[in-house]
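Worksheet: one structure, shown below.
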Amino acid sequence: MAANRKILVLPGDGIGPEVMAQVQRVIDWFDNKGSVRFEVTEDLVGGACYDSHGVSIREETMEIAVSTDAVLFGAVGGPSWDDVPREHRPEAGLLRLRKDLDLFANLRPAIVLDAMVESSTLKSEIVKGLDIIILRELTSGVYFGEPRGEQIMDDGTKRVVDTQAYTEDEIVRILRVAFELARQRKNRVHCAEKSNVMETGVFWRQISARVAREEYPDVEFDHILADNCAMQLLRDPHQFDVIVTDNLFGDILSDEAAMMTGSLGMLPSASLGNPDPVTGKRYAMYEPVHGSAPDIAGEGKANPLAMLLSFSMMLRYSFDLPEEADRVETVVQNVLNEGFRTGDIMQDGCHLVSTEEMGSNLLLELDRSVQ
Ligand code: IPM
Ligand code: MG
């Protein structure tokens, strides 16, 4: 039996616990039937943690996050915590995990499976066969820049500030991830920024031009303005392979890319740090791109596939188990090919299933995969 692999599971709020429960069933399946065992620690994060402990993540939990092999994260947030001060808001726990583990590279693949072509709100000829990655810088930019917050001007009027700031190193390291990824794919990188308006945009443009020229002359490279990128994604997404961009544009463009695949409920993500030069250990967190969807929480309507595909990214990137990752992805495709759909991806002629039923079908397919 392979050595235990340690995972910290943080289901969070809203639909987080429901979709995580289906992944837990898959983890148990691996435990019972497969050759892979996981040692799972589960803890609270986000609003659920605030309600019990008055903070969005506890120090004990951060210590486990640092010592574990990978973090599997559900979703956080919801209207019940709207009035909580910003430092304790559910999102603060997520941002702290990203920042403290230095998870600067956020891979958000948008893949349109054949069975899902008709679920996209775009015409099928536009999205068929789509396979792109939005690579979002995750630990800097306007999400973390200082100063931020309220200021009172001399005349007494209130002014509120966010700061977009990037260092050269922060841009170079995310660009390198983009070019390395592209070399294993279609060998094409677009760097999206607003160099026509923003100082940081000019900086991103200069540095990306240099890194492309000096380090990756074999990779096809283009600059693209972020607003044009949003438009081109809808017009002709196949022109892209890897889109690398800052934290805020990456947040927005990845929601857009997710929707091309049929639903936000289909898009997984991996957030990676750099491997430690001595131990080789790489911090990593895996989370679906969809949020906590409080409007459907607790109703059994949530699509667990993005959460499950995040788990398969974990198998691939943290545990070097490509065959098991392929197995999970094939099982997802089979279940979709058989016509099982949660409400968000429902199509004519398909069977509407609950979160739990989707999980049961995934397990049946997993059983078949080893027969
Ligand atoms: C995401 C989410 C988060 C973000 C929120 C929940 C803080 O939208 O992961 O895309 O803005 O980064
Ligand atoms: Mg987002």
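List of remarks:
- Where TYR286 falls short, out of the listed (1) open to solvent by 10 Å² or more (accessible area, probe 1.4 Å); (2) of a type in the set (Phe, Trp, Tyr); (3) within 10 Å of the chain's Cα centre (by Cα): (1)
- Total residues in segment 152-175, condition touching a strand residue (DSSP E or B) at 6+ places or on another chain (Cβ under 8 Å) and farther than 30 Å from SER271 by Cα: 4
- When TYR286 is tested against the conditions (1) under 21 Å from GLY93 (Cβ atoms); (2) in contact with a Phe, Trp or Tyr (Cβ under 7 Å, 6 or more places away or on another chain); (3) of a type in the set (Ser, Thr, Tyr); (4) more than 16 Å from ligand 1 (Cβ to nearest atom), the lone failure is (4).
- Among residues of segment 43-60, those that are in contact with a strand residue (DSSP E or B) (Cβ under 9 Å, 6 or more places away or on another chain) and crowded, with 21+ Cβ neighbours inside 10 Å, counted: 7
- Elements of type helices (runs of 4 or more DSSP H) contained in segment 132-251, each with 2 or more residues being within 16 Å of ligand 1 (Cβ to nearest atom) and not β-branched (Val, Ile, Thr): 226-235
- Index of the failed condition, ASP102 passing every other in (1) farther than 23 Å from ASN187 by Cα; (2) buried (at least 23 other Cβ atoms within 10 Å of the Cβ); (3) away from ligand 1 (no atom under 13 Å from the Cβ): (2)
- SER254 being closer than 26 Å to GLY78 by Cβ and surrounded by 19 or more Cβ atoms within 10 Å (Cβ to Cβ): yes
- Close pairs (9 angstrom Cβ cut-off, 6 or more residues apart or separate chains): over 17 Å from ILE345 (Cβ atoms) in segment 288-311, in a helix (DSSP H, G or I) and basic (Lys, Arg) anywhere: none
- Looking only at segment 16-65, and only at residues there that are in contact (Cβ under 8 Å) with a residue 60 or more places away in the chain and of a type in the set (Val, Ile, Thr), the one that is nearest to LEU364 (Cα to Cα): VAL26
- MET259 vs. criteria within 16 Å of ligand 1 (Cβ to nearest atom), assigned to a helix (DSSP H, G or I) and not small (Gly, Ala, Ser): yes
- Pairing residues of segment 70-96 that are over 29 Å from SER318 (Cα atoms) with residues that are of a type in the set (Gly, Ala, Ser) and open to solvent by less than 20 Å² (accessible area, probe 1.4 Å), at Cβ distances under 6 Å and at least 6 apart in sequence or on separate chains, gives GLY78/GLY47; GLY78/SER292; TRP81/GLY47; HIS88/SER56.
- Among residues of segment 265-305, those that are within 16 Å of ligand 2 (Cβ to nearest atom) and closer than 24 Å to VAL331 by Cα, counted: 14
- Looking only at segment 318-329, residues that are part of a helix (DSSP H, G or I) and either farther than 18 Å from GLY262 by Cα or in contact with a Phe, Trp or Tyr (Cβ under 7 Å, 6 or more places away or on another chain) (or both) come to 7 in all.
- Note on segment 336-371: residues that are assigned to a helix (DSSP H, G or I), under 16 Å from VAL112 (Cα atoms) and more than 22 Å from the chain's Cα centre (by Cα) total 1.
Condition check ((1) open to solvent by 50 Å² or more (accessible area, probe 1.4 Å); (2) over 16 Å from ARG96 (Cα atoms); (3) in a loop (DSSP other than H, G, I, E, B); (4) assigned by TED's automatic domain parsing to the domain that holds ALA293) across all residues:
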site: VAL23; (1), (2), (3), (4): no, yes, no, yes
site: ASP28; (1), (2), (3), (4): yes, yes, no, yes
site: ASN32; (1), (2), (3), (4): yes, yes, no, yes
site: SER35; (1), (2), (3), (4): yes, yes, yes, yes
site: THR41; (1), (2), (3), (4): yes, yes, no, yes
site: MET62; (1), (2), (3), (4): no, no, no, yes
site: ALA65; (1), (2), (3), (4): no, no, no, yes
site: LEU72; (1), (2), (3), (4): no, no, no, yes
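The values are calculated or read from the model by the stated rules, or taken from the named source; none is laboratory data. Being a predicted model, the structure only gives us computed values, none of them experimental. Neighbour counts run over all protein chains shown; Cβ positions are idealised from the backbone, glycine included. Side chains included, ligands, DNA and RNA excluded: accessible areas come from the protein's heavy atoms. Shrake-Rupley method; radii C 1.70, N 1.55, O 1.52, S 1.80 Å.
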